[in-house]
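Working notes for the structure below.
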Amino acid sequence: MKEAIRFVADLMCVAARTAPKAVGKDFVVTSVVQGDALLDLANAMVEYGKTTGKKNYDRDGANVAASSACVLIGLNDAKVCGLNCGACGHDKCVDLPELSDGPEFKGPVCTWRTIDMGIALGSAVKVASMHNVDNRIIYRVGVLAKKMGLIDADVVIGIPLSASGKNIYFDRG
């Protein structure tokens, strides 16, 4: 089963890579976490929730621990699109401040680049769904994946994967 889930995880990374990107520039990065690194990620999530007092890191960490793999999708050094659309709150793209460290991610990021990431995430979970692999997009996974250096990205989202008789990501207490 682990090999099949790894194969689907790799296909998900292909889907994220080939998803459409604004003005034809690609800043999406992917990675797959399995084995000991996956358990380390799960434990770090639980600990982070305890030390920061942030909710549901324990719940999501337990989901990661019960998973066979986790796909990470992020943005790395995403440049502005140059459209001067104002979606970021600035009249011109050149007015968007340089990336700086926030408490969990770097920002600000061009709105169109975050849309690129969203399309990549949607493409990836579609692939998992087509292969009947249970999954869920979880923000909290990305926070610790970034902090642990599991992927070189400024903003990260995680998609844990499981194949069992019951979907562990939606049928949770």
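Restricting attention to the range 1-45, the residues that are among the polar types (S, T, N, Q), over 12 Å from ALA120 (Cα atoms) and not in a helix (DSSP H, G or I) add up to 2.
Considering the range 147-167, the residues that are assigned to a loop (DSSP other than H, G, I, E, B) and at pLDDT 95 or above include one that is farthest from the chain's Cα centre (by Cα), namely ALA163.
Does VAL94 qualify as being surrounded by fewer than 13 Cβ atoms within 10 Å (Cβ to Cβ), β-branched (Val, Ile, Thr), free of Cβ contacts under 8 Å to residues at least 40 places away in the same chain and over 26 Å from GLY49 (Cβ atoms)? So VAL94 passes the test.
Scanning for something at pLDDT 95 or above, in a strand (DSSP E or B), within 14 Å of the chain's Cα centre (by Cα) and under 24 Å from TYR57 (Cβ atoms), does the range 127-146 turn up at least one residue? Scanning the range 127-146, I find at least one residue that is at pLDDT 95 or above, in a strand (DSSP E or B), within 14 Å of the chain's Cα centre (by Cα) and under 24 Å from TYR57 (Cβ atoms), so the answer is yes.
When the range 117-140 is limited to residues that are farther than 13 Å from ILE157 by Cα and out of contact with any strand residue (DSSP E or B) (no Cβ under 6 Å at 6 or more places or on another chain), the one that is surrounded by the fewest Cβ atoms within 10 Å (Cβ to Cβ) turns out to be ASN132.
Within the set of pairs 6+ apart or on separate chains, which have a first residue in the range 98-118 that is within 21 Å of ASN84 (Cα to Cα), a second that is of a type in the set (A, V, I, L, M, F, W, C) and assigned to a helix (DSSP H, G or I), and C-beta atoms under 6 Å apart? So the pair list comes out as TRP112/ALA22; ASP116/ALA22.
All of (1) closer than 20 Å to ASP101 by Cα; (2) modelled with pLDDT under 95 hold for PHE170 with one exception: (1). Does the range 74-88 contain at least one residue that is of a type in the set (A, V, I, L, M, F, W, C) and in a helix (DSSP H, G or I)? No, the range 74-88 contains no residue that is of a type in the set (A, V, I, L, M, F, W, C) and in a helix (DSSP H, G or I).
Quick grid of which residues meet (1) among the acidic types (Asp, Glu); (2) at pLDDT 95 or above; (3) touching a helix residue (DSSP H, G or I) at 6+ places or on another chain (Cβ under 8 Å); (4) under 28 Å from ALA9 (Cα atoms):
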| residue | (1), (2), (3), (4) |
| --- | --- |
| ASN56 | no, yes, yes, yes |
| ALA62 | no, yes, yes, yes |
| ALA69 | no, yes, yes, yes |
| ASP77 | yes, yes, no, yes |
| LEU83 | no, yes, yes, no |
| LYS92 | no, yes, no, no |
| GLY102 | no, yes, no, no |
| LYS106 | no, yes, no, yes |
| ILE119 | no, yes, no, yes |
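The values are calculated or read from the model by the stated rules, or taken from the named source; none is laboratory data. Values in this document were obtained by computation on a predicted structure and should not be read as measured data. With ideal geometry, Cβ positions are generated from the backbone for all residues, glycine too; neighbour counts draw on all protein chains shown.
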